Amino acid sequence: MDKLLGFRRRVWPAGTTFQVLAALCALSGATFAVPANSPLPTGLYQLRQGESVKFSMPARSTRIDLGASGVLEAYLPSPRVLEIKGDQPGHCVLVILFADGSLRHFSVQVLQAVSSTEVQKAAGEIQRNLASVSGVTIAPEGSRVVIRGTAPLSSEKLYRSIVKVYGSLVVDEVKFAAPSAMPAAAPENAGAYDVFHEKFQGYVHYVLVTDKGRYRAGADSPHGSCSLVNEHYAICQQQSGRPALVLAGS
């Protein structure tokens with residue numbers, strides 16, 4: 001793997017000045033495409049300090065320009081694969097020049113590394129809140145919580161709602177499938193939540209405040225008695241007997 005080298009400054013025609021990380025990738029003999037995780041992002045991409053990810057590119061790249069030094073390391077393991085690694089928390093714009101003269105750019109936000117204690121705590125929370133979703137396993141692995149397995153298609157909405165709260169902390173490897181021809185005797189919606197999206201207003205002394213009310217474990221709320229509360233969401237038991245998942249977003 002050849003690391004991109006050679007910092008210098010350049011002013012692009014649009015007037016934006018970048019710290020430049022230039023490189024040419026030389027090939028010798030027959031070459032093969034290096035597997036990449038995903039296509040190039042089109043907007044903001046997030047990763048954590050110390051993590052790396054590979055992207056496939058639509059054409060051969062001859063140079064990569066970085067808008068800030070010290071935030072990212074960039075590599076070209078092959079002319080059509082870009083690998084980036086988060087060095088320090090911060091924001092960086094990448095501009096990619098292709099051999100045909102075209103340009104692509106996207107932004108990267110490097111988030112602070114998560115401690116093993118925080119990862120373990122998040123894994124426990126996710127385990128509890130996905131208890132009604134069968135067929136999945138949750139495990140802390142390094143700086144991420146990895147979720148694997150095949151879950152019922154009927155639980156996808158609930159699953160996505162919960163996992164979305166944790167953003168890039170979760171590596172989602174779950175697939176969803178229709179129920180078998182011989183479903184279990186349990187009701188079709190057994191264990192499902194009613195999901196409520198509310199606007200986050202604060203979290204102080206273990207009390208979550210949204211635009212709809214206040215949530216504290218063991219106390220009443222707009223959606224019944226709360227059993228679990230943190231800064232991201234609350235789980236309550238409604239008078240109807242169905243659990244409520246309150247997601248506090250911006």
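Of everything in the range 108-163, what is polar (S, T, N, Q) and part of a strand (DSSP E or B)? Give them in sequence order. If you could, list the steps in order and put the result at the bottom.
If we filter the range 108-163 for residues that are polar (S, T, N, Q), which is where we start, we get 109, 112, 115-117, 120, 127, 129, 132, 134, 137, 143, 150, 154-155, 161.
Gln109, Thr137, Thr150 - these are the residues of the range 108-163 that are polar (S, T, N, Q) and part of a strand (DSSP E or B).
Output the number of residues of the range 115-148 satisfying the condition of being touching a residue at least 12 places away in the same chain (Cβ under 8 Å) and within 22 Å of Glu231 (Cβ to Cβ).
Looking only at that region, the number is 17.
Restricting to the range 126-153, and then to whatever is buried (at least 17 other Cβ atoms within 10 Å of the Cβ) and more than 17 Å from the chain's Cα centre (by Cα), can you tell me which residue is farthest from Phe176 (Cα to Cα)? Don't jump to the end; show me each part of the working.
Taking the range 126-153 and keeping what is buried (at least 17 other Cβ atoms within 10 Å of the Cβ), we get 126, 129-130, 133, 136, 138, 140, 143-145, 147, 151-152.
Right, trim to more than 17 Å from the chain's Cα centre (by Cα) and you get 129-130, 133, 136, 151-152.
On the way: Asn129: 18, Leu130: 14, Val133: 11, Val136: 10, Ala151: 5, Pro152: 6 Å.
That would be Asn129.
Which residue, of Ala219, Ala234, Ala248, is more than 20 Å from Leu130 (Cα to Cα) and hydrophobic (A, V, I, L, M, F, W, C)? Spell out how you get there, then give the answer.
Working: Ala234 fails: more than 20 Å from Leu130 (Cα to Cα); Ala248 fails: more than 20 Å from Leu130 (Cα to Cα).
Result of the check over Ala219, Ala234, Ala248: Ala219.
Would you confirm whether or not the range 100-110 contains a residue that is surrounded by 15 or more Cβ atoms within 10 Å (Cβ to Cβ), touching a residue at least 40 places away in the same chain (Cβ under 8 Å), more than 30 Å from Tyr233 (Cα to Cα) and of a type in the set (A, V, I, L, M)?
Among the residues of the range 100-110, not one is surrounded by 15 or more Cβ atoms within 10 Å (Cβ to Cβ), touching a residue at least 40 places away in the same chain (Cβ under 8 Å), more than 30 Å from Tyr233 (Cα to Cα) and of a type in the set (A, V, I, L, M), which makes the answer no.
Quick note: the coordinates plus some simple rules give every number you see, no bench work behind them. The structure presented is a predicted model; accordingly, all values stated were derived computationally and were not measured. Glycine gets a Cβ as well: all are built from the backbone with ideal geometry, and neighbour counts include every protein chain shown.
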